[in-house]
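Q: Got a structure for you, questions after.
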Amino acid sequence: MDKILDPRLQRLTLINEPLPAKPELDQLPTFEVFVKSRAARPWRHEGSLHASTLEMAFVFAKEQYSRRGTCLGIWVIATHDLFVTDYADNQTDIYDQFTEAPGCSGEAWEVFHMYKRGTQHTHAGQVSAPTPQAALACARNALERPRPVLNAWVGAAGKFRKSTPEEEAMWQTTPEKLFREAIDYKTNEKIKAFKATQS
Amino acid sequence: MNTTALKELLYKMADDQLIMGHRSSEWIGLGPLLEEDIAFASKAQDKVGQSLALYQLLEELGEADPDTVAFSRPAAKFHNSIFTELPNEEFDFSIMRHFLFDTAEYYRFELLSDSTYEPLQQVARKFTGEIRYHILHANEWIKELGDSTEEAIARMQSALDKALPYALGVFEPSPYEQKLIDSGLFAGEQALQNIWQDKISEIIGQTALRLPAWESIEPVYGGRAGHHSEHLQPLLDEMGQVINSEPGAEW
Amino acid sequence: MYGGGYLFEKTSPDLLKEEDQEKLAAFEARIDRGEKIEPHDWMPKLYRQQLIRMIEQHAHSEIIGALPEGTWITRAPGFKRKLGLMAKVQDEVGHAQLLYSAAETLGKSREQMIDDLINGRSKYSNIFNYPAYTWADSCFISWLVDAGAIVNQVANSKGSYGPYCRALERICIEESFHLKFGHHCVTYLATGTPRQRQMMQEALNRWWYPMLMFFGPPDKISAHTEILMRWKVKILSNDETRQQWLDMYVPKIWELGLTIPDDKLRKNEETGKWEFTQPDWEEFKQVINGNGPCNKERLAVRRMAEKRGEWVRRAILVKASNKKYVTPLA
């Protein structure tokens with residue numbers, strides 16, 4: 001191997017031989033992350049991550065999914081705690097599969113909709129029901145949907161780690177971290193001045 | 001206002017943040033899992049960003065500009081605690097140091113939110129939110145690793161034992177301690193240490209780790225007065241290598 | 001950061017004969033209508049397999065790509081550069097995280113992918129097997145390698161697989177910061193002192209040909225990818241991405257008074273195409289096969305990171321309330 005150029009690595013011992021295959025166990029559970037970036041916008045699914053506990057997932061979610069711009073809060077839930085419907089065919093509504101409305105009381109459920117392939121799920125609202133399927137049947141009438149829903153996710157409200165109002169302060173300085181933004185790296189003046197010296 | 005006392009306070013805080021941020025940055029791209037790599041990298045950026053804000057306060061008080069102050073002083077002119085300059089070692093020591101340091105930092109900024117020096121008060125208020133995340137992050141790691149596999153508990157215990165004397169060094173009294181307190185600039189190291197000990201005991205109490213009696217720990221002082229370990233100068237040389245290679249140049 | 005020089009397995013139309021022809025027709029019709037495929041949809045085996053391969057190569061390129069620039073994190077000159085570079089390399093790790101998640105939705109676990117990377121069974125972008133000797137090398141990567149990646153990634157964000165497109169949209173927004181940051185760094189060197197200028201020119205000379213190779217071999221010698229293009233897995237050909245990059249960035253390099261180490265480089269006004277000296281494609285093959293200047297180091301570093309993190313992952317896994325791994329949703 002040539003000389004290592006990174007001083008950080010010069011201080012460590014690298015491993016030149018292949019490692020034994022990873023045990024299957026070495027796979028952490030996955031979580032889904034929803035972010036509210038502005039007051040007027042709904043909670044939106046931003047992506048997934050690997051973590052041990054719900055609390056650790058929350059810690060990770062903050063920096064992976066809300067380290068730029070404004071953020072009013074995040075919700076995190078274990079993937080296996082989300083009930084996922086099929087994908088409806090074009091022009092049909094997934095709610096056509098959930099017509100039996102039992103009593104709409106019991107546990108609180110958060111419902112998320114995807115309206116178009118390729119887009120992210122957004123929060124449609126909360127309903128009370130005994131099961132996730134029942135929650136969808138209740139949501140069918142209770143929640144607004146501007147157009148047919150292609151796919152829906154339902155999770156018990158109590159299974160989410162939701163940021164608290166006091167925790168909002170954690171995002172207070174995020175919009176000021178301009179060193180992460182393209183806008184902070186303007187070159188026009190420098191190039192103009194350089195060109196002037198060249199001609 | 002006692003400017004000398006104030007400057008001493010600002011220098012030690014700024015130097016602490018800079019050196020901690022720099023050490024944390026050594027983990028970027030090499031973390032134990034991708035998600036933590038990202039979280040750790042943000043903490044590194046926040047600490048460096050906070051040091052910059054503090055150096056800017058010093059500049060307003062007549063000191064040189066932040067790049068000069070941060071990248072061209074020799075070790076003897078640095079006032080960071082020795083704790084922050086120690087090498088990262090493995091994740092156990094790195095995260096334990098973060099836990100002990102971040103807790104002190106959070107409550108220091110909280111106390112300074114009432115400082116009579118208004119520019120410092122504003123900086124402190126501004127950053128307590130983001131440091132809140134730092135302790136949320138550190139506490140969660142300590143709770144998980146400190147109460148997990150035997151291997152993890154043993155590693156975390158030895159990291160704690162090694163870190164504590166240095167962590168107490170963070171509260172090394174300043175020669176201007178009484179002046180700072182009297183003028184309402186800062187509540188003082190002793191007041192901070194008392195709060196800190198309670199919080200540390202509270203979190204460690206939720207794990208399988210053992211905390212020795214506080215009075216049995218001999219603090220490692222010296223950093224605040226510019227007496228450092230052998231680790232600081234090489235680190236400063238590395239930080240300044242490019243910027244000092246061409247004096248007067250803009251990078 | 002990936003330029004699109006993906007390595008695909010040889011595709012044989014025979015593989016498609018085994019598929020349910022009715023489902024296959026509906027799948028292709030959906031793509032023709034410009035609709036995205038989502039994780040739970042039916043898809044041909046070949047589509048799944050090639051997508052995993054492609055997204056995985058892209059993800060690996062992000063974590064390996066964090067290394068040459070990472071070389072300069074502790075030495076970045078001044079606050080602005082230090083903060084910018086930390087954020088930039090952090091983004092690369094973040095991109096890997098997003099991309100591995102997208103690949104996971106297709107059924108390959110992250111641990112399996114990382115296992116394949118560190119034991120040399122997977123590929124990643126060749127360019128990261130070259131060393132970053134000076135600060136200027138890091139600046140070159142931030143600006144021009146990222147610029148190349150953007151050309152490819154913007155195109156691929158119009159592809160057919162929903163989770164990959166969503167990851168790429170996010171990635172492209174962050175890359176616009178990388179591009180500006182990199183251009184800013186290069187501008188300060190190129191318009192700086194004679195020594196800074198020389199440093200930048202030397203870095204450009206070193207990286208020019210690896211950069212041309214970043215987009216993959218010329219179309220005429222590349223593996224056939226018609227079916228992947230029809231399925232919108234691959235959007236632009238290698239030559240198309242290379243030409244786009246040359247078109248956008250050669251003038252910007254010249255504007256800074258830097259020279260490009262190829263006296264044959266010129267735009268043919270009749271064809272609208274750039275003509276240039278071909279890089280050494282034999283070297284490309286050598287580097288792909290593990291014989292580049294830094295291949296061994298890159299993998300050795302990832303193995304070390306893996307090994308150092310092992311006890312941490314094992315310990316927190318014990319804390320997991322539900323240890324069953326579930327494929328992430330998107």
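Q: So in chain A, which Cys have no other cysteine's beta-carbon sitting under 4.7 angstrom from theirs?
A: A:C71
Q: Determine the shielding of peptide A:30-36 by partner chains: average, over its residues, the number of Cβ atoms on other chains within 10 angstrom of each Cβ.
A: 2
Q: Over the whole of C:180-191, what's the average partner chain Cβ count within 10 Å per residue? Rounded to a whole number, please.
A: Taking the mean over all residues of the peptide, I get 5.
Q: Nearest 500 deg cm²/dmol is fine: what mean residue ellipticity at 222 nm does chain C get from its DSSP H runs of n ≥ 4 alone, each adding -39,500 (n - 2.57), divided by its residue count?
A: That calculation yields -19500 deg cm²/dmol at 222 nm.
Q: Moving on. As I understand it, the value is the acute angle between the Cα axis of helix A:54-65 and the longest principal axis of the Cα atoms of chain A; what does it come to in degrees, rounded to 10?
A: Here the helix axis deviates by roughly 60 degrees.
Q: Moving to a separate point now. Does anyone have the angle between helix C:79-104 and the longest principal axis of chain C? Alpha-carbon axes, 0 to 90°, nearest 10?
A: 20
Q: List the equivalent ellipsoid semi-axes of the range B:123-251 in whole Å, largest first, each obtained as the square root of 5λ for an eigenvalue λ of the Cα gyration tensor.
A: Result for the range B:123-251: semi-axes of 30, 23, 18 Å.
Q: Could you sort A:184-195, C:66-77, C:103-114 so that the peptide with the highest average Cβ count within 10 Å comes first and the rest follow in order?
A: Per-residue mean Cβ counts within 10 Å order the peptides as C:66-77, C:103-114, A:184-195.
Q: Using only the alpha carbons of the range B:51-98, what is the convex hull's orientation-averaged projected area in square nanometres?
A: 4.1
Q: On to the next question. Using a 10 Å cut-off on Cβ atoms, rank the peptides C:265-273, C:121-129 from the highest mean neighbour count down.
A: C:121-129, C:265-273
Q: Can you tell me the relative contact order of the range A:27-165? Whole percent, Cα pairs under 8 Å, sequence separation 6 or more.
A: Reported as a whole number, the value is 27 percent.
Q: Over the range B:1-70, what is the relative contact order in whole percent, taking alpha-carbon pairs under 8 Å and six or more residues apart?
A: 37
Q: Short version: what are the Cα gyration tensor semi-axes of chain C, square root of 5 times each eigenvalue, largest first, in whole Å?
A: So the equivalent ellipsoid measures 33, 26, 17 Å along its semi-axes.
Q: Lone cysteines in chain C, defined as no other cysteine's Cβ under 4.7 Å from theirs: which are they?
A: Lone cysteines by the Cβ rule: C:C165, C:C172, C:C294.
Q: If you don't mind, there's one more thing I want to ask. Which whole number of Å³ per residue matches the convex hull of the alpha-carbon atoms in the protein assembly as shown?
A: 174
Q: Considering Cα pairs under 8 angstrom that are at least six residues apart, work out the relative contact order of the range C:14-306 and quote it in whole percent.
A: Here the relative contact order equals 21 percent.
Q: Could I ask something else about it? So for the range A:27-165, what are the equivalent ellipsoid semi-axes in whole Å, largest first, each being the square root of 5 times an eigenvalue of the Cα gyration tensor?
A: 25, 17, 14
Q: Quick query: amide H of A:G47 versus all other amide H atoms, modeled in the peptide plane; which residues come in under 5 Å with a sequence gap of 5 or more or a different chain?
A: A:V33
Q: Taking each residue in A:189-197, count the Cβ atoms of any other chain within 10 Å of its Cβ, then average. What number comes out?
A: The per-residue average across the peptide is 3.
Q: For the cross-link pairs A:K22/C:K307; C:K220/C:K296; A:K186/C:K158, which exceed 19 Å when the distance is taken from alpha carbon to alpha carbon?
A: C:K220/C:K296; A:K186/C:K158
Q: Hey, another quick one. Starting with the fewest neighbours, write out C:Y188, B:Y55 ranked by other beta-carbon atoms found within 10 Å of each beta-carbon.
A: So the ranking, lowest neighbour count to highest, is C:Y188, B:Y55.
Q: Apply the a/c threshold of 1.5 to the C-alpha gyration tensor of the range C:117-258 and tell me whether it is rounded, prolate or oblate.
A: prolate
Q: Let a ≥ b ≥ c be the square roots of the eigenvalues of the Cα gyration tensor of chain B; is it rounded (a/c under 1.5), or, if not, prolate (a/b larger than b/c) or oblate?
A: Taking the square roots of the gyration eigenvalues as a ≥ b ≥ c, chain B is oblate.
Q: Any idea what angle helix C:194-213 forms with the longest principal axis of chain C, computed on alpha-carbon atoms, 0 to 90 degrees, nearest 10?
A: 30
Q: So, counting K/R as plus one and D/E as minus one, what does the shell of residues with Cβ under 14 Å around C:V151 add up to?
A: Charge balance in the 14 Å sphere: -1.
Q: Out of residues 5 or more away from C:Y161 or on other chains, whose amide H comes under 5 Å of its own, with H placed 1.01 Å from N in the peptide plane?
A: C:I37
Q: In whole angstrom, how far apart do the alpha carbon centroids of the range C:174-225 and the range C:68-119 sit?
A: Taking the Cα centre of the range C:68-119 as reference, the centre of the range C:174-225 is 19 Å away.
Q: Something else now. If you bin the C-alpha pair distances of the range C:42-139 every 5 Å from 0, what whole percents do you get?
A: Result returned by the calculation: 3, 13, 21, 20, 15, 11, 8, 5, 2, 1, 0.
Q: How much space per residue, in cubic angstrom, does the convex hull of the C-alpha atoms of the range B:146-205 take up?
A: Convex hull volume per residue, Cα atoms: 71 Å³.
Q: Could you compute the net charge surrounding B:Y133? Neighbours are other residues with a C-beta less than 9 Å from the C-beta of B:Y133; K and R count +1, D and E count -1.
A: Residues near B:Y133 contribute -1 overall.
Just so you know, all these numbers are worked out from the coordinates, no wet-lab data involved. The model shown is predicted, which means the values in this text are computed figures rather than measured ones. Glycine also receives a Cβ, built like all others from the backbone with ideal geometry; neighbour counts cover every protein chain displayed.
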